[in-house]
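Each value in this text was obtained by applying a stated rule to the coordinates, not by laboratory testing. Keep in mind it's a predicted model, so treat the numbers as computed, not measured. Glycine gets a Cβ as well: all are built from the backbone with ideal geometry, and neighbour counts include every protein chain shown.
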Amino acid sequence: MDAHVTRGIVVKKSIVPLDLVTFENVHSDPGFGAYQMVPGKYTFYVKHPTKIESINRTRVHKCQVPYMMDSGHDMDKVIVPTVESIRLSRVHYTFRVQHSKDKPTHYLDWKTDKWGRDYPHSHPILVPINRLDGNTEITFNYNLTKP
C-alpha cells in the first residue's frame, strides 16, 4: 500500500467499473482507487513525493503498466512511478485515480509555475466538478481535460 499519508485521502479497493469500450484490452480488476474521505470540493495537486519518470511508452516495465499516464506533451512518452518506488510500495495516490467517462468527480488541468511557465515547469491538478460526500472515490475522464 502507499507509504506516504495525505490527509483526507485513503487508498483502497476501487469500485469503479472498468470501461471496456475505452480500454478494450483490459480484462482485469481496476485494483486500488483513491477516496476523498472528507466532504467538500478539493483540488488535488499532482506533485509526487516519491520518484516518477517520463519514459518512452515502448520501454515501460510490466510492473509500471497499470500506472501509466500520458505525458500530455509527447505522444510517445508516459509518466509512471519508478520501478523502485513500486517495489517499495511508495506509489503516490494520484496513480490510483480511476477513469470514469460518465460521472467523473474531477477534471484534469495544468497549473503553471509562479512565473506562468507551462510544461515542463507546470504540473497536473485534479479540479473538482461538484462537492463530494465523504468516502467517495475520486475519478476523472482520461480522455478529456475538462467536462
query: Taking the Cα centre of segment 53-147 as the origin, how large is its charge dipole in debye, to the nearest 20, when only Lys and Arg (+1) and Asp and Glu (-1) carry charge on their Cβ atoms?
result: 120
query: So how many Å³ per residue does the convex hull of the Cα atoms of segment 63-147 work out to?
result: 132
- request: Indicate the gyration tensor shape class of segment 79-128 (rounded, prolate or oblate), computed on the Cα atoms with a ≥ b ≥ c the square roots of the eigenvalues: a/c under 1.5 is rounded; otherwise a/b larger than b/c is prolate and the rest oblate.
  value: oblate
field: Entries of LYS41/LYS77; LYS12/LYS41; LYS12/LYS101; LYS62/LYS111; LYS62/LYS103; LYS51/LYS101 with Cα pairs more than 27 Å apart
entry: LYS41/LYS77; LYS62/LYS111; LYS62/LYS103; LYS51/LYS101
